[in-house]
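The values are calculated or read from the model by the stated rules, or taken from the named source; none is laboratory data. Just so it is clear, the model here is predicted, and its values are computed rather than measured. In this analysis, Cβ positions are derived from the backbone assuming ideal geometry, glycine residues included, and neighbour counts consider all displayed protein chains.
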Amino acid sequence: MQSLDSQLRILFIGLAQSSHTHSWINLFSGAGLDIRLFGIHGTVAPPEFTFPVESTGACSLANMNRSIRLRVIGRILKLWNRYVTSNPTFLPVALGSMSRLDGNQRFWIEHADSEWIAEIIQRWKPDVIHSLGLEPASYCFSYVRLKFGLRKPAWVVTARGGPELALGRLDPEIRTKIAAILKECDGFIADNDLNLKYGIQLGLDPCKIIPGGIIPGTGGVDADSIRALRLMKPSKQRIILWPKAYDCPASKSLPVLEAFKLAWPRIAPCTIHLTATDTETVQWFRTLPSEIVSSCVVHDRIPHKQLLELMASSRILLAPSMIDGVPNTLYEAMASGAFPIFSPLDTFKDLVKSGENILFARNLYPQEIADALIRAMSDDALVDSAAERNFDLVQRLANRSAISERMIDFYRSLAASKR
């Protein structure tokens, strides 16, 4: 470990392609910290991400450190001894996947992750490990700690705001894994009070929670720069942005499409942008009446900067869901001036007031979504006054500069406690 006066070294473990990962780590740009990211499960960061990244997906087996390569091969040979009688092609397939980057890498990547992380810790000697999310980052590092008997460096865990804790705790097997992580870690971060409560119920020592309570999983938003993108009041816009136009366990898209049909006679004319669409949602979207389809713009995933620019030109940001933490899109909508329509989830409904900051509509109820759209598209005073109130609110809840200072103090205190 480094001396108290040296540059603090932090190793983040997370999905290297994730914009949430980038946003969190970029929180510390220019802070004088020595930072690296390990891309879990072979994930690789985009070129614009400027911090050093290590990942089993970033190079071939031949380019791995020799000691890691030998350990990975040894583990695979043990597995081969176990399975070869039932699957004679197991070894050739496994070796093929290791030697060809364009082949099936998942098998060897997952088994290399733990070896590679241990190698980084032994070689680089970070002061703090911060795993971004329970699945897969914290589960993986928990295994590494157990296998290699690591009690240093300090370990910080972030629980994402969606189902990984809220629903995972209800599964006995997953609950046991989460409880072990909460017992082992030195610091715990969640973006909502409900997840803090769940953590304590599973055995988390409240002393491990960062002082000041909840922190957005992305590190907050730069409200000033986002608001600067807006060129006119929300009431002057006729654009609805649906940024998560896909089906997943946390949200359903068909009720939203039905809501467009119900609301259309009273919200037209307007333009609806659907982003991050999936195939099934697009297929059902094409069944809408032609006048709605012709008024919509369908996008795949778009760069975050482009999404913020689109948000700043929208009147409404529509994002109903069945489970979530405090959505980053809510903070961004508040900062951009787009009027938020979200579901009344326990994780954040007490932070805002319906009819002042937001309108609530449950994800599985198309008529509720339609009613919210109709009101927000017709009430100019509501959307303009909410834009002003929400900007002040997001500055208090999710100010990146303040969060950066809190986190650096937290990292330093944990690192000092391990020396």
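Would you mention how many residues in region 229-259 are out of contact with any strand residue (DSSP E or B) (no Cβ under 7 Å at 6 or more places or on another chain), more than 22 Å from Thr347 (Cβ to Cβ), touching a residue at least 40 places away in the same chain (Cβ under 8 Å) and crowded, with 16+ Cβ neighbours inside 10 Å?
Final tally of qualifying residues: 6.
Per-residue answers, yes or no, for (1) β-branched (Val, Ile, Thr); (2) loosely packed, with under 15 Cβ neighbours inside 10 Å:
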site: Lys261; (1), (2): no, yes
site: Thr281; (1), (2): yes, no
site: Ser290; (1), (2): no, yes
site: Val298; (1), (2): yes, no
site: Arg301; (1), (2): no, yes
site: Glu309; (1), (2): no, no
site: Ala312; (1), (2): no, no
site: Ile316; (1), (2): yes, no
site: Ser321; (1), (2): no, no
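(1) more than 22 Å from the chain's Cα centre (by Cα); (2) within 30 Å of Gln7 (Cα to Cα); (3) not β-branched (Val, Ile, Thr): which one isn't true of Asn399, the others all being true?
It fails just one condition, (1).
Among the residues of region 119-154, what is the count of those that are part of a loop (DSSP other than H, G, I, E, B) and either surrounded by fewer than 18 Cβ atoms within 10 Å (Cβ to Cβ) or not assigned by TED's automatic domain parsing to the domain that holds Cys207 (or both)?
Total meeting the criteria: 5.
Which one of these does Arg145 not meet: (1) under 14 Å from Ile129 (Cβ atoms); (2) touching a residue at least 40 places away in the same chain (Cβ under 8 Å)?
Exception for Arg145: condition (2).
For region 200-217, which positions are touching a Phe, Trp or Tyr at 6+ places or on another chain (Cβ under 6 Å) and either outside the structural domain of Glu405 (by TED's automatic domain parsing) or in a helix (DSSP H, G or I) (or both)?
Listed by number, the list holds a single entry, Lys208.
State whether one or more residues within region 155-169 are farther than 28 Å from Ala416 by Cβ, in a helix (DSSP H, G or I), touching a helix residue (DSSP H, G or I) at 6+ places or on another chain (Cβ under 9 Å) and touching a residue at least 60 places away in the same chain (Cβ under 8 Å).
For region 155-169, residues farther than 28 Å from Ala416 by Cβ, in a helix (DSSP H, G or I), touching a helix residue (DSSP H, G or I) at 6+ places or on another chain (Cβ under 9 Å) and touching a residue at least 60 places away in the same chain (Cβ under 8 Å): present.
Tell me, which helices (runs of 4 or more DSSP H) lie completely within region 300-388 with 2 or more residues that are of a type in the set (S, T, N, Q)?
Because the criterion is at least 2 residues that are of a type in the set (S, T, N, Q), the helices (runs of 4 or more DSSP H) in region 300-388 that meet it are 328-336, 366-378.
Quick one: which residue in Ile200, Ile189 is at pLDDT 95 or above, surrounded by 18 or more Cβ atoms within 10 Å (Cβ to Cβ), among the aliphatic types (A, V, I, L, M) and out of contact with any Lys or Arg (no Cβ under 8 Å at 6 or more places or on another chain)?
Step by step, each of Ile200, Ile189 is checked, and only Ile189 is at pLDDT 95 or above, surrounded by 18 or more Cβ atoms within 10 Å (Cβ to Cβ), among the aliphatic types (A, V, I, L, M) and out of contact with any Lys or Arg (no Cβ under 8 Å at 6 or more places or on another chain).
What are the residues in region 410-419 that are assigned to a helix (DSSP H, G or I), surrounded by fewer than 18 Cβ atoms within 10 Å (Cβ to Cβ) and touching a residue at least 40 places away in the same chain (Cβ under 8 Å), if any?
The answer is Arg412, Ala416, Ser417.
State yes or no: is Leu310 touching a His at 6+ places or on another chain (Cβ under 7 Å), closer than 15 Å to Ala338 by Cβ, touching a residue at least 60 places away in the same chain (Cβ under 8 Å) and not assigned by TED's automatic domain parsing to the domain that holds Asp191?
yes
Only one residue in Ala31, Ala62 is small (Gly, Ala, Ser), outside any helix (DSSP H, G or I) and either farther than 19 Å from Ser138 by Cβ or at pLDDT 85 or above (or both), so which one is that?
Ala31
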